[in-house]
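Okay, structure first, notes after.
Bear in mind that the values in this text are calculations on the coordinates, not laboratory data. Since this is a predicted model, take the numbers as computed values, not measurements. Cβ sites come from the backbone with ideal geometry, for glycine too, and all protein chains shown count toward neighbours.
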2 protein chains.
Amino acid sequence: MNPDITKERKNATFDVEKLTHIVDGTPEKTRRRREIESLVVSDPDFKEEDPNFLSRSERYDQAVRKSAQMILKLREYGIADPEEIYCYKNCVHPGRPEPLDLHLGMFLPTLLNQATPEQMDRFFMPAWNLEIIGTYAQTEMGHGTHLRGLETTATYDAATQEFVLNSPTISSIKWWPGGLGKTSNHAIVLAQLHTQGKGRGLHAFIVPIRDMSTHVPLPGIVVGDIGPKFGFSEVDNGYLKLENVRIPRENMLMKYAKVEPDGTYLKPPSAKLTYGTMVFIRSMIVSLSAKTLAKSCTIAIRYSVVRHQSEIRAGEPEPQILDFQTQQYKLFPLLAMAYAFTFVGQYMNTTYQRISGDISQGDFSELPELHALSAGLKAFTTWATNSAIEVCRMSCGGHGYSRSSALPDIYVDFTPTCTYEGENTVMMLQTARYLLKSYRQAKDGQQLSGIVSYLNEADHRVQPQPVAARPTVVDINDLSSLVEIYKLRAAILVELAAKSIQQELQNRKCQEDAWNNSSIDLVRASDAHCHYVVVKLFTDKLGEIGDTAIHSVLSTLALLYALNGIKLNSGDFLQAGLLSGPQVLQISGRIKELLSQLRPNAVVLVDAFDFNDKLLNSVLGRYDGNVYENLFEWARRSPLNATEVHESFHKYLKPLRAQL
Amino acid sequence: MNPDITKERKNATFDVEKLTHIVDGTPEKTRRRREIESLVVSDPDFKEEDPNFLSRSERYDQAVRKSAQMILKLREYGIADPEEIYCYKNCVHPGRPEPLDLHLGMFLPTLLNQATPEQMDRFFMPAWNLEIIGTYAQTEMGHGTHLRGLETTATYDAATQEFVLNSPTISSIKWWPGGLGKTSNHAIVLAQLHTQGKGRGLHAFIVPIRDMSTHVPLPGIVVGDIGPKFGFSEVDNGYLKLENVRIPRENMLMKYAKVEPDGTYLKPPSAKLTYGTMVFIRSMIVSLSAKTLAKSCTIAIRYSVVRHQSEIRAGEPEPQILDFQTQQYKLFPLLAMAYAFTFVGQYMNTTYQRISGDISQGDFSELPELHALSAGLKAFTTWATNSAIEVCRMSCGGHGYSRSSALPDIYVDFTPTCTYEGENTVMMLQTARYLLKSYRQAKDGQQLSGIVSYLNEADHRVQPQPVAARPTVVDINDLSSLVEIYKLRAAILVELAAKSIQQELQNRKCQEDAWNNSSIDLVRASDAHCHYVVVKLFTDKLGEIGDTAIHSVLSTLALLYALNGIKLNSGDFLQAGLLSGPQVLQISGRIKELLSQLRPNAVVLVDAFDFNDKLLNSVLGRYDGNVYENLFEWARRSPLNATEVHESFHKYLKPLRAQL
């Protein structure tokens, strides 16, 4: 054990294990998580070569091998609870997406939700037993977020009782679905249905794409891998071009909408249910943000107490880099954010579970608010985490740039969350639409409830032109006081966006152009709303913490999170007169105090996230702090060191001499 | 040619070719650059496989092949001017560092600067002819920015007249030097010199590391590649462990310091010259930031007029995504920044050339200011560019994540500039040291000149506690008025940092701790100083532009750059009373107008950067806008598509079925 890191752990002012339970949810959850982790970590069948030492094709190969093993072991151990499967998978492929993700996460669930009993008989068990390996083919080369723009067609031929599927243009080629390139032999294809000469909108079809026995692509199917990406190297994201591919009528997923043998189309009943799935996935992404941020902070903070560099006082030994104020200021606000997002993730999950109970009983009343919130928070947390990973990486200096730090991989595999499951700007605008609607309802005298209820007071609280005359009785050390000004800031920015739209309309713009010409303000309003929610939920969480020592350190983190958010957005607070100039200065001073206050607990605060070393897989972030010897050992295993002399010397460099 | 992009080019309000000349410097420079580019692009010897389709070892191999060719061709064409060599190299390895970079950029120049005539005879011509291939080994595993911390030792043995070199600890292993792992047979090693029982500080030694003929490592040398990194995949960054390696006395670079045969040490005369080299390299990095940002904007903006998505008005065709205000707000401020940094780079280069003339005549008077400025601007421009590349990538949605967009590679190869040649936070603090020194001089009544002369007025301009009472006669449409408030903001933040230090000292902190405890404020002051300089230099540049149409569009960009900087830092301006709340609101409105104003010229403004398609190497950024067909073509060449069925199906997936 590195003595520097040992010393740090002696400074803990609280019981680390207890904080781990809070992060996991309960002591029982911690126990079970560790049990699953050790099942995988100790299993020789999951031993792997460091993917960074492999070619793309080898990485894919290794991932398929491990996924196949994973399926076997899950059955062997009888792990069936979705949360536990997810945990197990994350140990087998730590932090990495894998080729069967869409089979397990989209193909099977879609069958469960949208297949008829007859279709379940035909497809579900074969898929469960991996005779059918499926993916979910929605996105096209030219069409992503805007589903109505999808071009793939499925035209019903009543004569043969088949659908004929086509990719009519290059931009209509299905593009991106995970597992489509090489792994799957079936795809659920989203296509524009045409029957009896009429377009009927998007529907889902089960399309066989490869021969079940030989795995060779079927006639009319052009399928392959879309090529290397920033990350996701284990996944064969694929393309699919359909050329007059015929499938039986019974392959359209017909639990809701139907096409009868003669081509008669029956509309689905209103389908708010799919709405729920989106909310669920976005909530998961919020938790993923928290986890990823926690992981990055663990690596950067542990390394920052092992690394010594430069000098603070002349002549003294080089200090741990975490003793530099600038380093603390890079990392501690992110650590605070990791805890904030952890608790937001827990809230989203709990709320989703509660509401989905209501939904299954036909009560959709709370869904719109959660839907709007999940969209905005998905964007808010993924954007923040995305930048934060890179701050963590760069805070490790040169070694952060080495793949051995794990931070490059964490970044490239996380960053797509800003784009998939709803592009972040689009998500922010979706939340804004809900906020503006609520704002107008409040203006019209309706009494709002729930998280947007602050808009009720819009009329008397928010001045048409905010003035410095607002009484500033804010206590910068009181979290509830800070929650209050975050709330007012959100209210003011929603109002500003509403006013921008109004002004555009007065300038004779149509409703849509007015919206577009105000979208900068709308995104800003959503952002402020989400920021308010995060500060509020973190503050609320403190109320649940009984342990005094933990309550104290989490309060410090919450205060740092709230104050730093104000510092970074001080223009908003000053402009609205929510804070005075001297208060903002005071906040800067207070932040510095909080950094020193957190310094002794920094390492144990990341220890509490309890990442297993094998799963963290970072030379810089090792629990024992033995960084340098392991960095050397890792480097020596690099493929370029397989031979002492690289062949290029004999091929190019030596012959060159004779020519000069 | 894609019709959307053709239409865009018809909208140009200025002569694109003329703007290209301004970006290059002169029409002659444009002509020559294109000449060199076409030499390389049309040369079949430089044909390559897309590196994204190769393994690490293959990428290294391909790069060595091309570098060897490059050396031959440079001689063949008689290209000898350093700027032209740099241009040629950048065409051969577009945007990518390569294995011989340190041989050409550090080993040869260090010989020229620090070798004695005898050493020049022994080493220079062999190195020129690549019998000797060298690198520059400074950084160690445990030591980067802080040179005095380096641990490698060179102990003089008078008995044999040799130096004995050692890596006494794991952390002292040389780590990171480019070309060290596999390519070089010599290294200039920085080590702590010991002679006659005394430490004499860091000196440079020429150490043979591999056999010149067989390329096998020499006895006592442990050398290899440090393993895969985020980027720099073509470069064999290496490690070097020295175990009692003996080199003759004559292998210490002795142009300045000397060790005589009996071990007597002769100190070097003051060496401000190395100072100059650092300034030069950092100026180059500023220009590199500009170039990289320009490249990223070119890709994102061209793609944004080809890509159609979502809807603005219901029922109408999907608009070009550049018509969304949020997309404009992501990209146009970056486009403005690319022009700003281009002109800052030109200024730094010109100033360096001018000052280095003075230096060679012994006049160092302007060096400290340029040195301080280059440190801060290196950090300011690389940080901003680093984030901007990712904004550009994500603004391209999913396809930005594909390696075919080129943006992932641009990012991973650029991001180390934030760390190397002086870690950015350290750089900012270096500039802050100069600012604080100047501030104190001004306080002491000294009259400052040059770029920090605004600190002369500190006493009467900057209030101890800034008040809203300051008369606000700022015209937000007048650049000189904006330059003025950027200047005042910088002055105020320098003063705030000074006050923080003062307060810490009053609290009985020692000078060093006071500095450390104020470093957040110091970095902020440097940042504001650099921001002021950039806005000022962009504004100054407009004065040189004769062409009315170009002057007009560049003025719009400059205004956008200045106003958006204020918007993002509005807290500073409000707090200091430099702007009022209503003015800040007005600025938000004005920014939106500038976005619409720039929209018609967006594509031609990136066209003016004049990136050759082959060198840009981005499917999304193609000049002709034919994105989709080329994306498909690129994907089909991906290695995973070499076979229709990947072997993993037969190895793992098919056998799995029988087991379930």
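Provide the convex hull volume over Cα atoms per residue for the stretch B:66-215, in Å³.
Enclosed volume per residue, from the Cα hull, is 141 Å³.
Please list, by residue number, everything in the stretch B:594-622 whose backbone N is under 11 Å from a paramagnetic label point 7 Å out along Cα→Cβ of residue A:509.
Counting only backbone N, you get B:596.
By its C-alpha gyration tensor, with a ≥ b ≥ c as the square roots of the eigenvalues, how is the stretch A:406-564 shaped: rounded for a/c under 1.5, else prolate for a/b larger than b/c, else oblate?
Here the stretch A:406-564 falls in the oblate category.
Relative contact order for chain A: what percent, with Cα pairs under 8 Å and sequence separation of 6 or more?
15 percent
Need one number: nm distance between label points at residue A:13 and residue B:433, each 7 Å from Cα along Cα→Cβ, rounded to one decimal.
In this crude spin-label approximation the distance works out to 3.4 nm.
Helix-derived [θ] at 222 nm for the protein assembly as shown: sum -39500 (n - 2.57) over DSSP H runs of at least 4, divide by residue count, nearest 500?
After summing the helix terms and dividing by residue count, I get -17000 deg cm²/dmol.
Counting only other chains, and only Cβ atoms inside 10 Å, what mean value do you get across the residues of B:569-581?
5
Label points 7 Å out from Cα along the Cβ direction at residue A:83 and residue A:481: separation in nm?
Using points 7 Å along Cα→Cβ, the separation is 3.8 nm.
Hey, any idea what Rg/Rh is for the stretch A:306-363, computing Rh the Kirkwood way over Cα pairs?
The Rg/Rh ratio comes out at 1.47.
Would you compute the Debye intensity of chain A from its alpha-carbon atoms alone, equal scatterers and no solvent, and pass along log10 I(q)/I(0) at q = 0.05, 0.09, 0.12 Å⁻¹ to two decimals?
-0.27, -0.88, -1.38
Given contacts defined as C-alpha pairs under 8 Å and at least six residues apart, what's the relative contact order of the stretch A:555-628, whole-number percent?
25 percent
Using a simple charge model, +1 on the beta-carbon of Lys and Arg, -1 on the beta-carbon of Asp and Glu, nothing else, what dipole does the stretch B:57-194 show about its Cα centre, in debye to the nearest 20?
With Lys and Arg at +1 and Asp and Glu at -1, about 380 debye.
Counting only other residues whose beta carbon sits under 15 Å from that of residue A:220, what net charge do I get with K and R as +1, D and E as -1?
-1
Can you find, among A:38, A:80, A:115, the residue sitting farthest towards the positive end of the charge dipole of chain A, where Lys and Arg contribute +1 and Asp and Glu -1 at Cβ?
A:115
Using the basic label-point model (7 angstrom from Cα toward the beta carbon), what is the residue B:645 to residue B:211 distance in nanometres?
Those two pseudo-labels are separated by 4.9 nm.
Can you list the aspartates and glutamates whose alpha carbon is less than 20 Å from that of residue A:443, not counting same-chain residues fewer than 8 positions off?
A:369, A:457, A:459, A:495, A:504, A:521
Would you mind pulling out the separation of the Cα centroids of the stretch B:297-354 and the stretch A:507-556, in Å?
29 Å
Expressed as cubic angstrom per residue, what is the convex hull volume of the alpha carbon set of the stretch A:175-267?
For the stretch A:175-267, the hull spanned by Cα atoms encloses 119 Å³ per residue.
So how far, in whole Å, is the C-alpha centre of the stretch B:51-124 from the one of the stretch B:585-641?
Each part's Cα centre sits 31 Å from the other's.
Report, in listed order, any pair from B:66/B:89; A:437/A:541; B:89/B:614 with a Cα-Cα distance greater than 21 Å.
Going by Cα-Cα distance, A:437/A:541 fall outside the 21 Å limit.
At a threshold of 8 angstrom on Cα-Cα distance, excluding pairs fewer than six apart, so keeping six or more, what relative contact order does the stretch A:495-595 reach in percent?
Taking the mean separation of contacting Cα pairs over the length of the stretch A:495-595, I get 18 percent.
What is the Rg over Rh value, at two decimals, for the protein assembly as shown, using alpha-carbon atoms and the Kirkwood definition of Rh?
0.95
Of the listed pairs A:291/B:499; A:174/B:7; A:241/B:330; A:499/B:378, which have alpha-carbon separations greater than 31 Å here?
A:291/B:499; A:241/B:330; A:499/B:378
For the stretch B:129-189, what does the alpha-carbon gyration tensor say about shape, rounded, prolate or oblate, given a ≥ b ≥ c as the root eigenvalues, a/c under 1.5 as rounded, and a/b over b/c as prolate?
It is oblate, given that a/c is not under 1.5 and a/b is not larger than b/c.
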